[in-house]
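The structure appears right after this line, and notes come after that.
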């Protein structure tokens, strides 16, 4: 029977797409005098998804970190290293991203000036996400490739976030933001494809939340 590897967030795809959806909705709202029912529904849906994911990830990450701390030795086999990369390293990255995403979604219901302040801080805080990925230690070529894919993704995501912020000063930036978002999604999809192949190699079922 195959083991099941639950990917706690890998927010490269999940949080990123959530922000991309919210960004498109909120940018459209900023150009209109009133929020449309469709925009409000999409925003509410994004918030509910985020809340559910945070609850699930809080429990899963806690279990993974407990198991990691209970173990007397560091992961040694390629299989153990892969599991640690997904269930500990990337899960911690996901926690950071989810906190940023949560603040943005909460601020989206506030006046535009408040959202801009939150976005400015989120862009600064996102450097910690990038630094966390850079600090991940890997010992194999296959995990080095995965790490590089993760690093590419988080950098593209930050660039998308910066462009989203710029749309408040220059609405013409929206097209560039959406193009960067598409680039990010392709990178994220490739990253998950690589992890899916590694999961199959080591007998896991790779599950995205």
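Every number here is computed from the coordinates shown, using simple stated rules; none is lab data. As the structure is a prediction and not an experimental result, all values here were calculated from the model. Reconstructed Cβ throughout: ideal geometry from the backbone, glycine too, with neighbour counts over all protein chains shown.
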> How high is the FRET efficiency between residue 196 and residue 128 when r is their beta carbon distance and R₀ equals 41 Å, given to the nearest 0.05?
Replying inline: 0.90
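I'd like the FRET efficiency for residue 116 and residue 76, computed as 1/(1 + (r/R0)^6) with the beta carbon distance as r and R0 of 41 Å, rounded to 0.05.
On the way: r = 48 Å, r/R0 = 1.17.
Efficiency at R0 = 41 Å is approximately 0.30.
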> With each label point set 7 Å from Cα along the Cα-Cβ vector, what nm distance links residue 169 and residue 135?
Replying inline: 3.0 nm
